[in-house]
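Have a look at the structure below before the remarks.
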Amino acid sequence: MGPSRYHGPMNTTATSDRIACQVLRSIRRELTYLYLRHDLDLDALPPALQTLFAGAEPAMRLELHSGSVLAQEDIATVLANLRDPGFHLQLPPREDPSGWLDLPRPREP
């Protein structure tokens with residue numbers, strides 16, 4: 001896999017309170033995102049995630065800190081995962097009370 005490194009004007013120093021990352025959108029699985037610490041590339045991921053995010057689309061670059069607010073994820077969990085192992089996987093939500101997401105319907109038993 002080629003490099004998928006963070007490039008941008010923001011402070012790229014990963015400190016205990018701020019971590020720069022990029023968010024990648026999987027082209028293989030809808031509503032699945034990967035937060036990847038700025039100093040890592042896809043080669044640092046476990047093989048299953050490398051496959052899931054091969055050809056991923058860059059969604060955004062962020063500089064996260066404890067005061068950041070994310071729509072779908074707990075910021076403390078994301079920051080902890082970005083520190084070690086360096087990435088955070090965001091899976092599709094099970095339900096969407098807002099009705100804004102186009103979630104697949106539950107399978108009938």
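Observations on the structure shown:
- Under the condition of being surrounded by fewer than 13 Cβ atoms within 10 Å (Cβ to Cβ) and modelled with pLDDT of 55 or more, the residues counted in the stretch 1-50 number 9.
- Test for Glu57: is it surrounded by 17 or more Cβ atoms within 10 Å (Cβ to Cβ) and charged (D, E, K, R): no
- Residue in the stretch 77-87 that is at pLDDT below 95, in a loop (DSSP other than H, G, I, E, B) and over 11 Å from the mean Cα position of the chain (by Cα) present: no
- Any chance Pro106 is touching a Lys or Arg at 6+ places or on another chain (Cβ under 8 Å), surrounded by fewer than 17 Cβ atoms within 10 Å (Cβ to Cβ) and either at pLDDT 95 or above or outside any strand (DSSP E or B) (or both): no
- With respect to being under 14 Å from Leu91 (Cα atoms), over 11 Å from the mean Cα position of the chain (by Cα) and either at pLDDT below 95 or of a type in the set (A, V, I, L, M) (or both), Leu64 falls outside the description.
The values are calculated or read from the model by the stated rules, or taken from the named source; none is laboratory data. These numbers come from a predicted model, not from an experiment. Because the Cβ atoms are built from the backbone with ideal geometry, glycine has one as well, and the counts that use them run over all protein chains shown.
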